[in-house]
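Scroll down for the structure; my scribbles are underneath it.
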Amino acid sequence: MQAVEALFLPTSSSFEEKLIDFLSAKKIYQTAFPLLMKRLSFLILILALLPNLYAQSEFELISKTLTDYIEGSTNGQPDRLKKAFHPDLNLYYVKNDAVAVWSGKAYILDTKEGEPTGERGKIISIDYENNAAVAKVEISHPKNPVPYIDYFMLLKVKGEWTIIHKMFTKRSTGN
């Protein structure tokens with residue numbers, strides 16, 4: 001009978017070793033699994049937020065360029081306009097029912113250093129994809145009840161957003 005039991009029943013040391021191994025594995029699992037889940041959850045959260053962090057920084061960079069334009073033109077700071085504008089930028093508008101063009105260089109020359117215009121500007125919208133963006137800005141003057149609306153095209157080159165095109169018009173009185 002002992003020979004049969006020896007074949008089918010584990011010896012006490014073998015059984016004890018297996019029990020200890022089992023309990024150790026269970027303890028490791030109970031300790032490591034929650035830590036692993038926390039780290040995995042954190043990684044998933046970071047991966048989910050990464051596109052939003054990139055998007056937010058792009059909006060901030062585009063806003064910075066638009067702010068250089070707004071404050072450069074309204075506060076009499078032509079150097080900020082030079083920073084915001086591409087050297088070949090032109091401004092387009094409608095005059096006498098025809099397209100009129102104003103060079104960016106002439107616009108900057110018309111901005112007198114240290115002579116604020118009294119105007120205020122605010123960014124209305126920004127939309128971008130990769131290295132191209134469009135934006136809408138409202139420029140208002142306290143003496144003029146109808147603000148100007150500026151539409152911009154921007155490109156990101158060497159990590160910097162620059163305004164390459166501007167169109168402007170007066171806001172419709174019905175808006």
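The values are calculated or read from the model by the stated rules, or taken from the named source; none is laboratory data. Bear in mind the structure is a predicted one, so any value in this text is a computation, not a measurement. All Cβ positions, even for glycine, are placed from backbone atoms using ideal geometry, and neighbour counts span all protein chains on display. These area figures cover heavy atoms from the full protein model, side chains too; ligands, DNA and RNA do not enter into them. Shrake-Rupley method; radii C 1.70, N 1.55, O 1.52, S 1.80 Å.
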Test each condition in (1) touching an Asp or Glu at 6+ places or on another chain (Cβ under 9 Å); (2) at pLDDT below 95; (3) of a type in the set (Phe, Trp, Tyr) for TYR54 and report the one that comes out false.
(1)
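Do you know which residues across segment 142-170 are among the β-branched types (Val, Ile, Thr) and over 21 Å from the mean Cα position of the chain (by Cα)? Reasoning before the result, please.
Step one: of segment 142-170, the residues among the β-branched types (Val, Ile, Thr) are 146, 149, 157, 162-164, 169.
Within segment 142-170, VAL146, ILE149, THR169 qualify.
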Take segment 94-132 and flag every residue that is over 20 Å from THR67 (Cβ atoms) and either touching a Leu at 6+ places or on another chain (Cβ under 6 Å) or of a type in the set (A, V, I, L, M) (or both).
VAL94, ALA98, VAL99, ALA100, VAL101, TRP102, ALA106, LEU109
Of the residues GLU17, GLU71, only one is part of a helix (DSSP H, G or I), farther than 24 Å from HIS141 by Cα and either open to solvent by less than 70 Å² (accessible area, probe 1.4 Å) or at pLDDT 70 or above (or both); which?
GLU17
Among residues belonging to segment 55-71 that are of a type in the set (Gly, Ala, Ser) and touching a strand residue (DSSP E or B) at 6+ places or on another chain (Cβ under 9 Å), point out the one that is farthest from GLY121 (Cα to Cα).
ALA55
Going through segment 75-93 in order, the residues found to be open to solvent by less than 10 Å² (accessible area, probe 1.4 Å) and in a helix (DSSP H, G or I) are LEU81, ALA84
